[in-house]
Amino acid sequence: MKKKTDWQMLHLMALNQPKGFESGIVLILRGLKDYIDTYQMNYGSLVHNDGVLGDGVADIAKGIRTLLNGDVGRLDCNSLDKELVEILVKCGEEV
């Protein structure tokens, strides 16, 4: 197993026990991912394909990406940005 670097450990700590600005970012991202998962469980399809709600998901993902330009504490912006880009691509957004 590959040993985690210091920044990876700090990122994981921030995800598991967020504080300060980390809390807001982590909670919004978790909420968005939970919404995406719940939609798929309830409707058997991806929210990304919903003509109205998919746009809302994309807007939230874009907003979180904007927050990554500010104080993020111990969070690794590159890791979070990759997750957000995946969401946006599924929504049909060009990134």
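The values are calculated or read from the model by the stated rules, or taken from the named source; none is laboratory data. It should be emphasised that the depicted structure is a prediction, and the values quoted were computed from it without experimental measurement. Cβ placement follows ideal geometry from the backbone for every residue including glycine, while neighbour counts extend to all protein chains displayed.
Going by the structure shown, is Tyr43 more than 15 Å from Gly73 (Cα to Cα) and in contact with an Asp or Glu (Cβ under 8 Å, 6 or more places away or on another chain)?
no
Quick one: in the range 85-95, which of the residues that are part of a helix (DSSP H, G or I) and in contact (Cβ under 8 Å) with a residue 24 or more places away in the chain is surrounded by the most Cβ atoms within 10 Å (Cβ to Cβ)?
Ile87
Scan the range 40-84 for residues that are assigned to a helix (DSSP H, G or I) and aliphatic (A, V, I, L, M) and jot them down.
Of the range 40-84, the ones assigned to a helix (DSSP H, G or I) are 40-43, 47-49, 53-67, 77-84.
Selection gives Met41, Val47, Leu53, Val57, Ala58, Ile60, Ala61, Ile64, Leu67, Leu80, Leu84.
So which residues in the range 70-84 are of a type in the set (Ser, Thr, Tyr) and surrounded by 17 or more Cβ atoms within 10 Å (Cβ to Cβ), if there are any at all? If you could, list the steps in order and put the result at the bottom.
First pass over the range 70-84, keeping only residues of a type in the set (Ser, Thr, Tyr): 79.
Residues satisfying the conditions do not exist here.
Considering each of Asp50, Asp59 in turn, give the residue that is at pLDDT 95 or above and not hydrophobic (A, V, I, L, M, F, W, C).
Numbers: Asp50 fails: at pLDDT 95 or above.
Only one candidate qualifies: Asp59.
Is there any pair linking a residue in the range 11-32 that is in contact (Cβ under 8 Å) with a residue 60 or more places away in the chain to one that is surrounded by 12 or more Cβ atoms within 10 Å (Cβ to Cβ) and not in a helix (DSSP H, G or I), with Cβ under 8 Å and at least six apart or on different chains, and which?
His11/Arg74; His11/Leu75; His11/Asp76; Met13/Arg74; Ala14/Gly73; Ala14/Arg74; Ala14/Leu75; Leu15/Leu75
Could you tell me whether Gly31 is part of a helix (DSSP H, G or I), farther than 25 Å from His11 by Cβ and small (Gly, Ala, Ser)? If you could, list the steps in order and put the result at the bottom.
On the way: part of a helix (DSSP H, G or I): yes; farther than 25 Å from His11 by Cβ: no; small (Gly, Ala, Ser): yes.
The answer is no for Gly31.
Search the range 50-69 for residues being of a type in the set (A, V, I, L, M, F, W, C) and free of Cβ contacts under 8 Å to residues at least 40 places away in the same chain, and hand back the single one that is surrounded by the fewest Cβ atoms within 10 Å (Cβ to Cβ). Reasoning before the result, please.
Initial filter on the range 50-69 (of a type in the set (A, V, I, L, M, F, W, C)): 52-53, 57-58, 60-61, 64, 67-68.
Filter again for free of Cβ contacts under 8 Å to residues at least 40 places away in the same chain, leaving 52-53, 57-58, 60-61, 64.
Working: Val52: 7, Leu53: 16, Val57: 23, Ala58: 20, Ile60: 18, Ala61: 25, Ile64: 19.
Top of the filtered list is Val52.
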